[in-house]
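Student: Let me begin by handing over the structure; questions about it come next.
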Amino acid sequence: MTLMILFANYTLAFALALSLLQIVLSVMSVKKNYDFLSIMKRCVLSQTILILSNFFLLIYCFVSDDRSVAYVAYHSSLDLPVFFKVCALWSAHEGSLLLWILIQTIWMSCFAYFFQTKHHYFKVTVLGVMAFINIFFYVFILFISNPWLYNNNVIHGSLTPVLQDYGLSIHPPILYFGYVGTIVIFSAAISILLNPKWKDVWNKRAINWVIIPWIFLTLGIILGSWWAYRELGWGGWWFWDPVENASFLPWISMTALIHLFRVKKNNFDLWIIFLSLITFALSLIGTFLVRSGALISVHSFANSHQTANYILFMISIIIGLSYLLFFIRGKKFSINIPLIMNKRNLFLLSSSGILFLSILIILIGTTFPILARALNYGEVVVGAPYFDIVFKPLLIIALILMNFYFVIVRKLRVKDCILVYSISIFVALILAIIIDLESISLFFLLNLSVLLIFNIVNINSLIFQSKLNQKQCTNVSMHIAHLGVSVSIIAAVLSLTLQKEIDLPMKIGNEVKISGYKIKFNQVDTFHKDNYQVLQARFGILNKNNDVLDNLYPSQKFFATAKTVMSQADISTNVFRDIYIVFGQQISKGTWAIKIYYKPFIRWIWVGGFLIIFSGLMTLFKSMRNISIRREVRV
């Protein structure tokens, strides 16, 4: 074993020891009234530095092709570009676990140094809970899934070709910052259960610690759907894959929390704590789905039964203890019925309830194949049809609630409501006739989304008639978020209904028409690039006058090291449509299988997603500005 491998393992062991010390200091601070916060902060920072050094040391091993490290030998190759050598670190189980732990220590350091409060005992309790969770992960990486094992064999590994994509390379770290950020919410909820007096300390500052991971998770989901659309060659952007669902579930839960934190004189403490606990639980369940091999997914990497059993044990202990504490201590929190019956609060509570129901439906569909296999019912596949059937009604109810919120809570005049609804239903009907919409559920989605946009425009036209005050700024960010939801739904409905697909054999010189465009197969070229051989086709996109509008270059990549062939689609895009071409296998001499998709308005799905992110950033900046103002007032 080399000195570097030995040093790396010692850094992990020392981080484990510091985490144990952190728990002891936390307990002593609370029980004996000692102020160990400054020492605990140093423990947290030391763990972050140790794991960061471990992380960069592994990057160095990848970049320098150090084959003495087994993880490097299995997941990298000499001909791999440097950028992908770095990204190979989190391409498999052990390295992504190290990335998870690194991000977890970063979040812990952020809380230790940036959460400002005079109530030190609340802070040390939260840090103690985080340390308790960290111990499970340190034990996991040291004794079960260690990336620092010595290799003395000749191994010709490589990074999986489908992961050699620039967009996907940044997707896991961004997604992990969202996933792992829920540890702060979870730890704060546990601390409040231990001492209910701390609830006001947390509630005043909680929104930032929910919004930031929510923004990361939203961005991660957007990047993941964009990668699936661009890279997998099937023309879709979401197909209810188990690992997609695993990222979607905590996002829904955090969205529900954001709604609840908007309630003034918050009396939903028990509901907030419950959702805070389940948010981190869903992140852990997502970890199990990705790493256990229990479900088949293009995103997952099965490891071993030992790995799956340990993750299941870890989840059972953390979730089991947290909800046992919840049921024991939950009675300490009262519920103010008159306050809940307030119109605004009732709508916010209802929206969080709909979101929680969505979590249950998606969780049942995602985990049912595992339960069926465990009960010896054989292999059961729960796919898109199930989710489409059960999710559409919930989405319709959610849109109805959003629209009624503007009508009832914002007190729009009856005359305005009738006018807005009449215009929106007229627009929706015209669109339905133009696109030949046959599904009644899709029509409702289209109509309610259009209505929501008109309501948002109407409300904000009233807001901007006068100077914006602080409360109205918050309203604008909320309206932008709901506008993003509407834009994404309308784009998804239009794209799904108007899309066209052609699957046919083509020879060089052949032409085919799709939605008013002429696609001409011009030529095929072969060349070498980086660590793969490329067979590239060239297609021309022509209009009715035979003018060339664009050229597309879909290809097949041959990875010699991995012995894999991968198709790479190419896309011609503008504001209104995508033309998407996949260059398939050779059928016979001079003939290839070609897929051509026409995808109208599909880019607007991601436009809606970025509007949602922008609304989160607006809320975050406003909250941070308020905190700085409060500090200045105190000074």
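Student: So if each residue of separation counts as 0.36 nm, and I subtract the Cα-Cα distance between K204 and L324, what length gain in nm does that give?
Tutor: The span from K204 to L324 would gain 40.6 nm if fully extended.
Student: Which of the chymotrypsin sites (Phe, Trp or Tyr not before Pro) found in region 1-97 are in a DSSP loop and have at most 16 neighbouring Cβ atoms, other than their own, within 10 Å?
Tutor: Working: sites: F7, Y10, F14, Y34, F36, F55, F56, Y60, F62, Y71, Y74, F83, F84, W90; in loops: Y34, F36.
Filter output for region 1-97: Y34.
Student: Then there is this: Straight-line reach from K331: which aspartates and glutamates have a Cα under 17 Å away, not including same-chain ones fewer than 8 places off?
Tutor: The reachable aspartates and glutamates, counting only those whose Cα sits under 17 Å from K331, are D269.
Student: Excluding residues on the same chain fewer than 8 positions from K557, give the aspartates and glutamates whose Cα lies under 18 Å from its Cα.
Tutor: D79, D165, E231, D525, D530, D570
Student: Would you work out if region 1-128 is rounded, prolate or oblate? Take a ≥ b ≥ c from the square roots of the eigenvalues of the alpha-carbon gyration tensor; rounded if a/c is under 1.5, else prolate when a/b is larger than b/c, oblate otherwise.
Tutor: Cα axes put region 1-128 in the prolate bin.
Student: For the chain, what is the charge dipole size about the Cα centre, in debye to the nearest 20, if Lys and Arg each add +1 at the Cβ and Asp and Glu each add -1 at the Cβ?
Tutor: In debye, rounded to 20, the chain gives about 2560.
Student: How many nm separate the modelled label positions at V524 and A593, each set 7 Å beyond the Cα in the direction of the Cβ?
Tutor: 1.4 nm
Student: Round to the nearest 10 and report in Å² the accessible area of C87, as given by a 1.4 Å probe over the protein chains' heavy atoms.
Tutor: My reading of the accessible area for C87 is about 10 Å².
Student: Gain in length, L45 to K331, computed as 0.36 nm per residue apart minus the alpha-carbon separation, to one decimal in nm?
Tutor: Result for the pair: 99.3 nm of gain on full extension.
Student: So what J values fall out for region 270-278 if you push phi through Karplus, 6.51 cos²θ - 1.76 cosθ + 1.60 with θ = phi - 60°, rounded to Hz, Gly and Pro as x?
Tutor: Using θ = phi - 60°, the values come out as 5, 5, 5, 5, 4, 5, 5, 5, 6 Hz.
Student: Calculated from the structure, log10 I(q)/I(0) by the Debye sum over Cα atoms at q = 0.07, 0.09, 0.10, 0.12 Å⁻¹ equals which of [x] -0.45, -0.76, -0.95, -1.38; [y] -0.52, -0.85, -1.04, -1.38; [z] -0.65, -0.82, -0.91, -1.13?
Tutor: Among [x] -0.45, -0.76, -0.95, -1.38; [y] -0.52, -0.85, -1.04, -1.38; [z] -0.65, -0.82, -0.91, -1.13, the one derived from this structure is [y].
Student: Next up: Over the chain, average the accessible area per residue using a 1.4 Å probe and give it in Å², no decimals. Kindly include the intermediate steps, with their values, before the conclusion.
Tutor: Numbers: 28520 Å² over 635 residues.
For the chain, the per-residue accessible area is 45 Å².
Student: Got a sec? What order do L142, L549, L375 fall in by accessible area at 1.4 Å, biggest, i.e. largest, first?
Tutor: L375, L549, L142
Student: Grab the other residues whose beta carbon is less than 12 angstrom from that of A384, score K and R as +1, D and E as -1, and report the net.
Tutor: It works out to a net charge of -2.
Student: Return the subset of K199/K392; K204/K332; K544/K599; K392/K599 for which the Cα-Cα distance in this structure is over 25 Å, preserving the input order. Before the final figure, lay out each step's value.
Tutor: Values: K199/K392 36 Å; K204/K332 20 Å; K544/K599 19 Å; K392/K599 21 Å.
Listed pairs above 25 Å: K199/K392.
Student: Kindly list the residues of region 18-39 that lie in the label zone of L142, defined by a backbone N under 11 Å from the point 7 Å along the Cα-to-C-beta vector.
Tutor: Answer for region 18-39: 18-21.
Student: Using just the helices of the chain, give the 222 nm mean residue ellipticity in deg cm²/dmol: DSSP H runs with n ≥ 4 each add -39,500 (n - 2.57), and the total is spread over all residues, rounded to 500. Write out the running numbers ahead of the final one.
Tutor: Numbers: 19 runs with 406 residues, N = 635.
Using -39500 (n - 2.57) per qualifying helix, the result is -22000 deg cm²/dmol.
Student: Then there is this: Taking the alpha-carbon centroid of each part, what is the distance from region 158-175 to region 531-553 in angstrom?
Tutor: Comparing the Cα centres of region 158-175 and region 531-553, I get a distance of 26 Å.
Student: Counting only residues 5 or more places away or on other chains, whose amide H sits under 5 Å from the amide H of Q568 once H atoms are built in the peptide plane?
Tutor: S555, Q556, K557, F583
Student: Could you list, in their original order, any pairs among K31/K622; K563/K589; K520/K563 whose Cα atoms are separated by more than 27 Å?
Tutor: Checking Cα-Cα distances, K31/K622; K520/K563 exceed 27 Å.
Student: Also, I was wondering about something else. Could you go through region 554-561 in sequence order and give the Karplus-derived ³J(HN,Hα) for each residue, using 6.51 cos²θ - 1.76 cosθ + 1.60 with θ = phi - 60°, rounded to whole Hz, and x for Gly and Pro?
Tutor: For region 554-561, the Karplus curve yields x, 8, 10, 10, 10, 9, 5, 5 Hz.
Student: Can you give me the % of accessible surface on the chain that is carbon or sulfur? Probe 1.4 Å, all protein chains present, nothing else counted.
Tutor: Of all accessible area on the chain, carbon and sulfur atoms account for 67 percent.
Student: Now for a separate question. Could you tell me how far the Cα centroid of region 80-125 sits from the Cα centroid of region 212-257, in Å?
Tutor: If you average the Cα positions of each part, the centres end up 21 Å apart.
Student: Also, quick follow-up: So between N551 and I397, what do we pick up on full extension, going 0.36 nm a residue minus the alpha carbon distance?
Tutor: Numbers: separation 154, 0.36 × 154 = 55.44 nm, distance 4.37 nm.
Full extension from N551 to I397 adds 51.1 nm.
The values are calculated or read from the model by the stated rules, or taken from the named source; none is laboratory data. Everything numeric in this text was worked out from a predicted model, so none of it was measured. Here the Cβ is made from the backbone with ideal geometry for all residues, glycine too, and neighbour counts use every protein chain on show. Surface accessibility is based on the protein's heavy atoms, side chains included, excluding ligands, DNA and RNA. Shrake-Rupley method; radii C 1.70, N 1.55, O 1.52, S 1.80 Å.
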